[in-house]
1. Among residues belonging to segment 6-44 that are over 13 Å from residue 56 (Cβ atoms), touching a helix residue (DSSP H, G or I) at 6+ places or on another chain (Cβ under 7 Å) and of a type in the set (D, E, K, R), point out the one that is least open to solvent (accessible area, probe 1.4 Å).
Amino acid sequence: MLRAVLLAGAEGLTEEQLEERCEGLGAAEIEAAVEALIASGLLERVEARLCPSGPATRFDRLRPL
């Protein structure tokens, strides 16, 4: 789920777009994951979109050695 939002970039995704990209997960599972990612500071809601926060974008730029 976080990866889907990171791939969308700074513009983020609506919840409907996120559901489309996370096939196989139910609405309750998606909502629980979104709330957990928001609580952890990795996602933020900007108007009607879910966007990666600063820590998530920094994590995405890390490359393993």
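1. 19
Here is a yes/no grid of residues against (1) under 13 Å from residue 3 (Cα atoms); (2) part of a helix (DSSP H, G or I); (3) of a type in the set (Gly, Ala, Ser):
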| site | (1), (2), (3) |
| --- | --- |
| 16 | no, yes, no |
| 25 | no, no, no |
| 28 | no, yes, yes |
| 34 | yes, yes, no |
| 38 | no, yes, no |
| 41 | no, no, yes |
| 44 | no, no, no |
| 51 | yes, no, no |
| 56 | yes, yes, yes |
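The values are calculated or read from the model by the stated rules, or taken from the named source; none is laboratory data. Here the structure is a predicted model, which means the values were calculated and not measured. Using ideal geometry, Cβ is built from the backbone for each residue, glycine included, and neighbour counts are taken over all protein chains shown. Just so you know, the surface numbers come from the protein's heavy atoms only, side chains and all, with ligands and any DNA or RNA stripped out. Shrake-Rupley method; radii C 1.70, N 1.55, O 1.52, S 1.80 Å.
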